[in-house]
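The structure appears below as structure tokens.
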């Protein structure tokens, strides 16, 4: 049977083990630098045009919509990453210590109200090196080509319907000297629509 002093020592040891295990989760702040998204799409919401109108909006009669030159594109957005040192060990522009490599990402869309989810969740690969102490811009896929060929985006072509969403994006990567995976996320307002450009707006 444990004596009281032995029981106290045993419980204290269990607490220390629990604290040690609880502190082993790898987060952004376990790294020598903190990497985060400084801006997305130049800090502006993104309008996803579900159908490009091509070279001309109207036929030669000036009244009939021309559709045979319309086409679909997939959408990429600009992302600026910031790798910010948070201790005195890092000397930016001197060595690779603390340089971070963004390797992949997940994208999911949350619509407002009762609107349908416009794009199924998907994952993408990338390779963007963000040196310690620097801002680096890169591009990632936001709306795949295939998502515009199926409903609900296919169904809102040539209509005034708009689907308003928030895109939740989670990035993953690691310092180039380690294999410890780090995740960090951000969000972006994305509106899906098929806006028509009038003749007066076309050049």
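For the stretch 84-98, the condition holds for no residue, the condition being that it is surrounded by 11 or more Cβ atoms within 10 Å (Cβ to Cβ), at pLDDT 90 or above, assigned to a strand (DSSP E or B) and in contact with a strand residue (DSSP E or B) (Cβ under 6 Å, 6 or more places away or on another chain). Only a single criterion out of (1) closer than 17 Å to residue 79 by Cα; (2) surrounded by 13 or more Cβ atoms within 10 Å (Cβ to Cβ); (3) without any contact (Cβ under 8 Å) to a residue 40 or more places away in the chain is not satisfied by residue 128, namely (3).
Screening the candidates 134, 181, 175 for the property of being surrounded by 15 or more Cβ atoms within 10 Å (Cβ to Cβ) and at pLDDT below 90 yields one hit, 175.
The values are calculated or read from the model by the stated rules, or taken from the named source; none is laboratory data. Just so you know, these numbers come straight off a predicted model, no measurement behind them. For neighbour counting, all protein chains shown are included, and Cβ atoms are generated from backbone atoms with ideal geometry for every residue, glycine included.
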